[in-house]
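Participant: Quick one: the structure is below, and I'll ask about it shortly.
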Amino acid sequence: MKESRGERIFHIVNAVLLILFSLFCLYPMYYVLMASFSNSGSLLAHSGLLFAPLKPNVSAYALVLRNGNIWSGYGNTLFIVGVGTVLSLLVTSAAGYALSRPKFRTGRVIMILITFTMMFSGGMIPLFIIVRTVGLYDTIWSLIIPVLVNTTNLIILRTAFAGIPDSVIESAAIDGANDLVIYARIALPLIKASLAVICLYYAVSYWNSWFTASLYLRKRKLFPLQLVLREILIANDNENTDSELMSESIKYAAIIVSTLPILCIYPFLQKYFVKGVMIGAVKG
């Protein structure tokens, strides 16, 4: 069908607004990137928008990457993200499947108790005492086990499992499949879009985690990347380097170093976000 004049105007205005909105969202990231390659003194004296590096140099990156703890921090963070995400997905999906099954009679009560934790919790001090008591204090597992399951993610997966037609589950049961086989070979493949979204949620959460590390870790060799970068920022806020202050550029370089891996991974999972958002949108 041929578009009317009003429809063409609407599409043009809509496209312009979306482009402007995209620029507003992307520019802060672009600013950080340009600032990380700028001379710190020139950056401090600059005001307004920044479209190109000021006196381009890589001194800030050299200073950040020269820190001996940065590489051990990367290793620790990769271990935490990899192992933590896999364990969290396994436990969350298993719990979500069990709680979505109508024959699990106590599932409703358990779900109410789990949801209750979203509004009320014991607090930081009781959790700290538990971590020390069970022997997790000052170990890498203190950053994984206490946060293994996120209630919101559990609810999302439970809803995704509940959306699987009962006829599919019953058909597999008639063919002799037990609950474990149905969960692993039928249910999980059917909700892979939701799993991909939850996987990224967990990965980003583990990657950005620094507060729990500052509470539970004392050995510097166990520090994750975010905690190492935080120390670099604090140290450079309190020190001068030769004739110019590097702290301003270091802040932006540290942001790029800590977010670049996630930004590289996100485009490969973006299609699953679209699928995950559309799940449940069409009924019948």
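Participant: I140 versus (1) open to solvent by 60 Å² or more (accessible area, probe 1.4 Å); (2) touching a helix residue (DSSP H, G or I) at 6+ places or on another chain (Cβ under 8 Å); (3) within 21 Å of T85 (Cα to Cα): which is the lone unmet condition?
Facilitator: Condition not satisfied by I140: (1).
Participant: Turning to a different aspect of this structure: How about region 118-158: which of its residues are of a type in the set (S, T, N, Q), at pLDDT 90 or above and over 17 Å from the mean Cα position of the chain (by Cα)?
Facilitator: Those that are of a type in the set (S, T, N, Q), at pLDDT 90 or above and over 17 Å from the mean Cα position of the chain (by Cα): T133, T139, S142.
Participant: Another one. Which of the residues that make up region 38-61 are in contact (Cβ under 8 Å) with a residue 60 or more places away in the chain and within 20 Å of S258 (Cβ to Cβ)?
Facilitator: Passing the criteria: S38, S40, L43, S59, A60, Y61.
Participant: Another question about this same structure. Would you call S40 touching a strand residue (DSSP E or B) at 6+ places or on another chain (Cβ under 6 Å), open to solvent by less than 50 Å² (accessible area, probe 1.4 Å) and among the small types (G, A, S)?
Facilitator: Judged against the criteria, S40 is a match.
Participant: Given the conditions (1) touching a Ser or Thr at 6+ places or on another chain (Cβ under 9 Å); (2) at pLDDT below 85, report the number of the one that I232 does not fulfil.
Facilitator: Unmet for I232, out of (1) touching a Ser or Thr at 6+ places or on another chain (Cβ under 9 Å); (2) at pLDDT below 85: (1).
Participant: Under the condition of being modelled with pLDDT under 75 and either part of a helix (DSSP H, G or I) or open to solvent by less than 60 Å² (accessible area, probe 1.4 Å) (or both), which residue from region 245-266 is farthest from S40 (Cα to Cα)?
Facilitator: Only one residue fits best here, namely Y266.
Participant: I would also like to ask the following. Out of L99, L87, L54, I need the residue that is of a type outside the set (F, W, Y), over 13 Å from V149 (Cβ atoms) and modelled with pLDDT of 85 or more. Which one?
Facilitator: Of the residues listed, the single one that is of a type outside the set (F, W, Y), over 13 Å from V149 (Cβ atoms) and modelled with pLDDT of 85 or more is L54.
Participant: Being touching a Pro at 6+ places or on another chain (Cβ under 9 Å) and surrounded by 12 or more Cβ atoms within 10 Å (Cβ to Cβ) is the requirement here; does M29 meet it?
Facilitator: Judged against the criteria, M29 is not a match.
Participant: Among the residues of region 1-58, write down those that are hydroxyl-bearing (S, T, Y) and assigned to a helix (DSSP H, G or I).
Facilitator: Hits for region 1-58 are S22, Y27, Y30, Y31, S36, S40, S42.
Participant: Got a sec? Which of I169, I156, I186, I182 is in a helix (DSSP H, G or I), closer than 16 Å to A95 by Cβ, open to solvent by less than 50 Å² (accessible area, probe 1.4 Å) and in contact with a helix residue (DSSP H, G or I) (Cβ under 7 Å, 6 or more places away or on another chain)?
Facilitator: I182
Participant: Ok, one more. Restricting attention to region 73-84, and to residues there that are among the small types (G, A, S) and either surrounded by fewer than 17 Cβ atoms within 10 Å (Cβ to Cβ) or at pLDDT 90 or above (or both), which single residue is nearest to I255 (Cα to Cα)?
Facilitator: Among those that are among the small types (G, A, S) and either surrounded by fewer than 17 Cβ atoms within 10 Å (Cβ to Cβ) or at pLDDT 90 or above (or both), it is G75.
Participant: What number of residues in region 44-62 are surrounded by 10 or more Cβ atoms within 10 Å (Cβ to Cβ) and of a type in the set (S, T, N, Q)?
Facilitator: 2
The values are calculated or read from the model by the stated rules, or taken from the named source; none is laboratory data. The structure displayed is predicted, hence computed values, not measured ones. With ideal geometry, Cβ positions are generated from the backbone for all residues, glycine too; neighbour counts draw on all protein chains shown. Ligands, DNA and RNA are excluded from the accessible area calculation, which covers all protein heavy atoms including side chains. Shrake-Rupley method; radii C 1.70, N 1.55, O 1.52, S 1.80 Å.
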